[in-house]
Each structure stands twice: as structure tokens, then as C-alpha cells.
Amino acid sequence: PPDPAQYLCTARASPLYKALTTLDSGRGWPSFTSPVNKAHIDDVPDNSLGRQRTEVLCARCDAHLGHVFKDGPDDAGGLRYCINSASLDFVPADSSDHD
């Protein structure tokens, strides 16, 4: 089968999110329900702007990716990864072995 379309870290090309996990959050930022592999990202406390949030970083290069919130769909784990589009490179599905 073809590899699924996915989003990579622009700085280190680490696979971060599969296109299948894209979430239409209506907030204007690319959003996902889960990472490709939890080991590819780091979650760290972010207390800036006078509120408590969880920042998401690329585990490979420590680049800021965005934030994760607990308001995602329950049937997909309840998380919403709100990611800055500038930190992502889209790679389409590999369909070279399919005509």
C-alpha cells in the first residue's frame, strides 16, 4: 500500500502528523488529533501570556511547533494539536506503485 500523506518538521524532516489525523477545528491553524509517533514530539509547559498551555516541540531539533489542547474529539483521544503551518512540510502519499 502507498505511504500515507504526512506532515514533516521543516527543520529536520521528522515525520510529525499523518494527513489522516487532520482536524477541522475552525480556528485557522492546522490541527491534528495525534502525532505519527509520540516520541517525535515533546510536550512542555508554557505559562506565557498569563495562562497555562502545553507547547509542542520537535523532539529531534527542539523547534517550536505549536500547542496541544484537551478540546479535541473524544473519539480520537480528546486532544487537538494546533500547529504553526510554517513549521510543517507536506509530503503527499507515495502512490508510485499504483496507476
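The values are calculated or read from the model by the stated rules, or taken from the named source; none is laboratory data. Computed from a predicted model, the values in this text were never measured in an experiment. For neighbour counting, all protein chains shown are included, and Cβ atoms are generated from backbone atoms with ideal geometry for every residue, glycine included. Keep in mind that these areas ignore ligands, DNA and RNA; they rest on the heavy atoms of the full protein, side chains included. Shrake-Rupley method; radii C 1.70, N 1.55, O 1.52, S 1.80 Å.
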- Taking the inverse of the average 1/r across all pairs of different Cα atoms in the chain, what Kirkwood radius in Å do you get? 14.0
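Counting only heavy atoms of the protein chains, get the accessible area per residue of the chain (1.4 Å probe) and round it to a whole Å² value.
61
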- What FRET efficiency, computed as 1/(1 + (r/R0)^6) with R0 = 30 Å and r the Cβ-Cβ distance, is obtained for ASP75 and ASP46, rounded to the nearest 0.05? 0.65
- Item | Interchain or long-range residues, amide H under 5 Å from GLY66's placed H | VAL56, ASN84
- Message: Accessible area of the chain with a 1.4 Å probe: how many percent of it is carbon plus sulfur?
- Response: 50
